[in-house]
Amino acid sequence: MAGNILDDPARLKAEREAADRSYNEALSRLDQAIQRLPADFPHPPPGPDEQQITPLNTLWKIAPSPRTGSLKHRLAAVVQRAVAPIFEQQQAFNSAVVDHINRSLPVARATRESVASTLTVLHDTIADLIRFQSLLVMFLQEITPYVDTRDRDVAGLLRGLSAAINTVADEVMRRSEALTARDVRREGALSDLQQQLAALRLQVGELAGGVRGDAGSR
């Protein structure tokens, strides 16, 4: 079965073309699947608003009016004593708010820096992945020319080997023909020698018969 396939160049060519089409289609799908960095890639959030931090840390405390001996200030002192619990409660609230803001500010700064560094790492990682995918497609695109080059090298080696085999075969044929011709010449010489020996035997026999005849007549 394998011999029949190898002996069918048209079938081999069709199978090779089908394999090339499938490979190129798969390569096109892979190229289209390469990721892209989004144009609207998110940016880090803005930093915390620190514009009012200094005023808040300065104005949170409710300071009592300075005491003097005037009627106006004595009246104000009476009013302050009356509303002192309210002022104390407001001041406690102000203190808690300012303390919370002061404690939240470093957290907000750290959160913003963490988000910024995370986005940078994510951006660079996606960029590296896209670069890797592009290099992978470029590598796969080089496989076909590489294989074709190897095929040409193998075909060249096969042609060289075929030429060498033909040369050796021609030399063997030439030597075989030379040996055959030499054998023919040897057979011809042997045949001539055998004919000469037969003629010599005949002459020897005739001579021997004449000698016996002469001896009998005596």
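Any read-out appearing in this document is the output of simple, stated calculations on the displayed coordinates, not a laboratory observation. All of these numbers come straight from a predicted model, not from anything done at the bench. All Cβ positions, glycine included, derive from the backbone under ideal geometry; neighbour counts span all protein chains shown.
Side notes on the structure shown:
- The calculated FRET efficiency for F87 paired with T120, based on their beta-carbon distance and R0 = 41 Å, is about 0.25.
- Stretching R185 away from E17 to a fully extended chain increases their span by 54.6 nm, per 0.36 nm per residue minus the current alpha-carbon distance.
- Full-stretch length increase - S162, S176 - with 0.36 nm per residue and alpha-carbon distance subtracted: 3.0 nm
- Spin-label pair D40/Y146, simplified geometry with 7 Å Cα→Cβ offset, distance in nm: 4.2
- Taking a ≥ b ≥ c as the square roots of the eigenvalues of the Cα gyration tensor, an a/c ratio of 1.5 or more together with a/b larger than b/c marks region 85-213 as prolate.
- Using a Förster distance of 41 Å, the FRET efficiency for R112-Q32 (Cβ separation, nearest 0.05): 0.65
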